[in-house]
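The values are calculated or read from the model by the stated rules, or taken from the named source; none is laboratory data. Here the structure is a predicted model, which means the values were calculated and not measured. Don't worry about glycine lacking a Cβ; one is built from the backbone with ideal geometry, like all the others, and counts go over all protein chains shown. In case anyone asks, the SASA skips ligands and DNA or RNA and just uses the protein heavy atoms, side chains included. Shrake-Rupley method; radii C 1.70, N 1.55, O 1.52, S 1.80 Å.
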There are 4 protein chains.
Amino acid sequence: MNIGFVGTGAMGEPMVRNLLQAGHAVTVYNRRAERTQALVEAGALAAASVAEAARQDIVITMLADDRATEALVLDGDFIAAMPAHGLHVCMATIGAALADRLAAAHAAAGTGYVSAPVFGRPPAAAAAQLFIIAAGDAAALDRCQPLFDVLGQRTFRVGDTPSAAHVVKIAGNFMLAALIEAFGEASALTARHGVTPAQFVEVMTNSVFQVPAYRTYGGLIASGRFEPAGFPLRLGLKDIRLALAAADARDVALPLASLVRDHYLKALTRGYAEYDWAALALVSMEDAGAASRG
Amino acid sequence: MNIGFVGTGAMGEPMVRNLLQAGHAVTVYNRRAERTQALVEAGALAAASVAEAARQDIVITMLADDRATEALVLDGDFIAAMPAHGLHVCMATIGAALADRLAAAHAAAGTGYVSAPVFGRPPAAAAAQLFIIAAGDAAALDRCQPLFDVLGQRTFRVGDTPSAAHVVKIAGNFMLAALIEAFGEASALTARHGVTPAQFVEVMTNSVFQVPAYRTYGGLIASGRFEPAGFPLRLGLKDIRLALAAADARDVALPLASLVRDHYLKALTRGYAEYDWAALALVSMEDAGAASRG
Amino acid sequence: MNIGFVGTGAMGEPMVRNLLQAGHAVTVYNRRAERTQALVEAGALAAASVAEAARQDIVITMLADDRATEALVLDGDFIAAMPAHGLHVCMATIGAALADRLAAAHAAAGTGYVSAPVFGRPPAAAAAQLFIIAAGDAAALDRCQPLFDVLGQRTFRVGDTPSAAHVVKIAGNFMLAALIEAFGEASALTARHGVTPAQFVEVMTNSVFQVPAYRTYGGLIASGRFEPAGFPLRLGLKDIRLALAAADARDVALPLASLVRDHYLKALTRGYAEYDWAALALVSMEDAGAASRG
Amino acid sequence: MNIGFVGTGAMGEPMVRNLLQAGHAVTVYNRRAERTQALVEAGALAAASVAEAARQDIVITMLADDRATEALVLDGDFIAAMPAHGLHVCMATIGAALADRLAAAHAAAGTGYVSAPVFGRPPAAAAAQLFIIAAGDAAALDRCQPLFDVLGQRTFRVGDTPSAAHVVKIAGNFMLAALIEAFGEASALTARHGVTPAQFVEVMTNSVFQVPAYRTYGGLIASGRFEPAGFPLRLGLKDIRLALAAADARDVALPLASLVRDHYLKALTRGYAEYDWAALALVSMEDAGAASRG
């Protein structure tokens, strides 16, 4: 299958490598062309323009945020360049409203569109161990499935409406932020009763929470070291904003998400924008006089 | 070793059975004597009074709440009945302030005291798979260790101050309540975007949260059935109150715990006191018009 | 002075009458032309288009929300129609970001712009008792002052940046919503202790809070009657969203505003969109089983 | 009438002076005897013990907090010393639960009890301008009314259950704390948009909030000077705890009170215990990088 791939950053690059390794022809595009060079050496074709990537059978976008996706897909000739049978698969984390606009634009143009965001960080992408949340037309999803099988360990289908997949992804990220918040508050409480964060994290991640998410974020909290960031705090805030926006659009109150958002804003004021998003925990710990930094 | 065991409810009973099976002599006491009959048939000795149980080498208390523990241990002749080398091990979930009072009372009487609350529900108690959080004098903890090895799969020591173990336990329960709250809000969000709670829970518990705690509470949320309760909501509220009290005593703000407390109070008003404490999730889901009950 | 006036609703109409009475020539525009008829009978001139209103010395806009203001001022030929010495005065409640965009558009066109939102409901507008919050170029504000003196009882100048006036207005509305929230929670508490909301409101508004804002909203809470709305709940939510957006743009956490927003969203789910925004109080009262409706 | 008065601090002293001036015989008691000397010089009789004060026709308590009231009234011979027709009037701010215990103890002893807490600071006490919230047996309240008329400008009766009056008082203090919180957040928002707190407070207290409560706390926020304290922050926290306890006892969630409590706890951690309780506003302002201290 001829595949276009737009956005070859920390996540996109290993995904393209896996597609190449599985024998697909992949035409890659990045706004900063130098970002595609290593992939070209690995067998990818370099697109001179985003339209050239869009011209393939299936084009995947894996861009940084809503603005980049909107700029490259909706504002230019991306959709116009797609073939009649073309199918756009957005695998990045974007908001529900933008996913709806993408679906509407493709429907108007007669081109295909599915949402398929993922859970997993770059190492999981490299190991083809992503979890893929997919939604859209069933036949279109069937067409994508062989690619999903190359990229991830499991695909979950959550219905016909593409944006639903993005809402699930956003809701999942909110749950991750919530666990960081809970870990931060709980660590503040135990620290003020004489138990170090390292001790507390050791207990929790070896008893009730023996799962990578808790181990990763608990480990950061225990160490007090939040740089370099695996996922920067400012992007964590972006995702919480997406959750609140998707909720607001359906009159849903998410008080815990509001709390997390407020703590992220305080973290920005304290200068933690580029820390790992687990530094959310610092806000509660500092406010309790319980933070010791690594 | 001669062991006294006070409180033979859903948790205490299987713990006593494991101690008996390991060859210990166990003198059991329950305020409702009929609750000890089955254990006596299994080889336990029935204490005629709580003092008789306290008279053993080590006496474990596993009572429902602070009030019961205070009434049986502090208000009566429990401590006076203990031998000079006696050691009291409180394995129930009690507040930090009460644990401090127990420690002080034992110190005044010259008797030993350690805190050793547990993570795990009755099936884990039966399977000797509890996680035990222990704190107190190191020599006293060493004396208890053979019993802990019979009762649990792992013991974590968190220092010399007994109440610290209870704070860790309380903080852990707060983290569990926080995950229920997050699951409830996230399910409300996704439900209002067309994804059923069952679908959402299926995704999350088979991707980022592959761990029993999320599976148990997610399963309850997905089914919408909260009776019979594994752990009743009113006791979940009790534990959150213990967390807030332990925090308040050290000037620590726990905004997420406050949020959970408020939602538990609303759940009481809605008549959910005897539902499983996962029914916390119902508050956010109902408030968003997103609850469908099993 | 020749004045254009765009938006002749519940607030705009009495403001135009006061301007006419003071001897000004007022050219009025409303998207629904029938809304200007009574004013024409009172001496106003009817503009055939919004551009005709914009062509006057000073043009005041008093439109329902950001969308209407953006559509009429930024998307059309409003600014192009203004004379070289023209001055646009936005007296409606709009967001800080839109005020900044208006200021930038006028600066680019060489036309004048000031922000001058008001505190006060329609009866205050009719009685020329508005409080006017004004910001912008000092000379431009001086030109407006005679009009402000006709329309209000007092003008407060808050600096050179027009959007600052809108932020003050939005912050003030947030403080009003906060008092409603506080009144609702306090009424829930006292009601559950046997004091009726009417009794409680009577005490508070005749002791520490002897001021119209508390009397108005307390009276609504005491009566339990929220229709017809003086200011509908959905617009109250809109203003809280503007506060959160203005805060978010400067990395400011407003946890109380987040709480109010969440309660407004719950009120929408309960069907209170067209109730007076004081029905915010119902959420806490209902959640406590303490609401009795009028 | 022979009056006993227990607690002659900043509030109690001017109240006693007003009672003396009205011609009453007042027997005063303070745990620190030197605190009554000036009153004795003004005509009061010094009680050698709290029982001597309790022996009068009506005995008023005006003590610092629940602990002091419990210690002097419930733990000693206060009630036993009261004559058969004796009547105890608690005018201090105490919790609902303690008021219920006082009522029960008096009922058991056959002595009278009413709750009559007040709104007003020491200058209002001196000027006999207090607002008195009274609850209890109607005949007992009638007996007290002449004293209330001497002490305050107006008495509000809120029913037969004494604790109801204390709940109203506590709810009122919560509303005051809520306005401080709102003022703090709003000031943070406007400050970050270039409007100084002094400007913002000037606008609000001369437009929608022309009332002493807003002027007092707004003035403190504008000045950034929170010492010396009119009412220290740690006592503000105490009162919020009383509100949360009274709410908790009736399953009422007060999310705004929880938020205020959490911010007070953070203020303690920052060292503001002895600042005026308006320093609650500092938490939000500092968290937004918007605090400038006087």
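Brief remarks on what is shown
- Residue by residue, the stretch C:69-83 carries 3J(HN,Hα) couplings of 5, 4, 5, 7, 9, 8, 7, x, 9, 3, 5, 4, 7, 5, x Hz when phi is fed to the Karplus relation 6.51 cos²θ - 1.76 cosθ + 1.60 (θ = phi - 60°); x denotes Gly or Pro.
- Extending 7 Å from the Cα toward the beta-carbon at both A:Thr196 and C:Arg225 defines two label points whose distance is 6.7 nm.
- Per residue Cα convex hull volume in Å³ - calculated over the stretch D:12-113: 89 Å³
- GNM remark for chain B: springs join alpha carbons under 10 Å apart, and the peak mean-square fluctuation among B:Ala279, B:Ala68, B:Ala92 falls on B:Ala68.
- For A:Phe231, distant residues with modelled amide H under 5 Å away: A:Trp277
- For the rotational copies B and D, the chain B residue with its Cβ nearest the relating axis, together with that separation in Å, is B:Ser258, 2.
- Size of charge dipole - the protein assembly as shown - debye, nearest 20, with Cβ of Lys, Arg +1 and Asp, Glu -1, no other charges: 0 debye
- Net charge contributed by nearby residues that have their C-beta within less than 13 Å of C:Ala38 (K/R +1, D/E -1): 0
- Size of chain B: Rg and Dmax of its alpha carbons, in Å, are 20.2, 65.
- Chain A: most fluctuating residue of A:Phe156, A:Phe226, A:Phe209 per GNM, C-alpha cutoff 10 Å: A:Phe209
- Carbon plus sulfur fraction of accessible area for the stretch D:1-47, probe 1.4 Å, in percent: 46 percent
- Surface burial for D against C, with a 1.4 Å probe and both sides summed, reaches about 4800 Å² of accessible area.
- Using the Cβ-Cβ distance between A:Ala33 and C:Ala138 with R0 = 35 Å, the FRET efficiency computed as 1/(1 + (r/R0)^6) comes to roughly 0.10.
- Chain C - charge dipole about Cα centre, Lys and Arg +1 at Cβ, Asp and Glu -1, debye rounded to 20: 400 debye
- Near the amide H of D:Arg157, within less than 5 Å, lie the amide hydrogens of D:Ala134, all on another chain or at least 5 residues away, with H placed in the peptide plane.
- Heavy-atom accessible area per residue - the stretch B:2-150, 1.4 Å, Å²: 38 Å²
- Within the stretch D:96-245, percent of DSSP bridges classed antiparallel, to nearest 5: 40 percent
- Amide hydrogen neighbours beyond the local backbone of C:Phe5, cut-off 5 Å, H modeled: C:Thr27, C:Val28, C:Tyr29, C:Ile60
- Antiparallel DSSP beta bridges within chain D, as percent of all bridges there, nearest 5: 15 percent
- Each of D:Asp149 and A:Ala46 was given a label point 7 Å from its Cα along the Cα-to-Cβ line. The distance between the two points is 9.7 nm.
- Estimated vicinal HN-Hα couplings, Hz - the stretch D:269-282 in sequence order (Karplus 6.51, -1.76, 1.60; Gly, Pro = x): 4, 7, x, 9, 3, 9, 6, 4, 5, 5, 5, 3, 4, 4
- The distance from the alpha carbon centre of the stretch C:230-294 to that of the stretch B:117-164 is 47 Å, rounded to a whole number.
- Mean sequence separation of contacting Cα pairs (under 8 Å, at least six apart), scaled by the length of the stretch C:164-230, corresponds to a relative contact order of 27 percent.
- By accessible area, using a 1.4 Å probe on protein heavy atoms only, the stretch C:64-158 has 55% of its surface on carbon and sulfur.
- Relative contact order (%) - the stretch A:86-182, alpha-carbon pairs under 8 angstrom, separation at least six: 30 percent
- Where only C-alpha atoms are counted, convex hull volume of the stretch D:133-266 per residue in Å³: 134 Å³
- Within straight-line reach of A:Lys169, meaning a Cα separation under 12 Å, sit the following aspartates and glutamates at least 8 residues removed in sequence or on another chain: A:Asp239.
- Sequence-separation-based contact order of chain C, relative, with Cα cut under 8 Å and 6+ spacing, percent: 14 percent
- Within 10 Å of the Cβ of each residue in A:191-202, the mean number of Cβ atoms contributed by other protein chains is 6.
- Karplus-based coupling profile of the stretch B:232-240, in residue order and whole Hz: x, 3, 4, 6, x, 4, 3, 5, 5, with θ = phi - 60° in 6.51 cos²θ - 1.76 cosθ + 1.60 and x standing for Gly or Pro.
- Taken along the Cα-to-beta-carbon direction at a fixed 7 Å, the label points for C:Ala249 and A:Ser292 span 4.4 nm.
- Accessible surface, the stretch A:195-294, averaged per residue in Å² (probe 1.4 Å): 31 Å²
- For the protein assembly as shown, Kirkwood radius (reciprocal of mean inverse C-alpha pair distance, Å): 33.0 Å
- The mean number of Cβ atoms from other chains found within 10 Å of a Cβ in peptide D:281-289 is 5, as a whole number.
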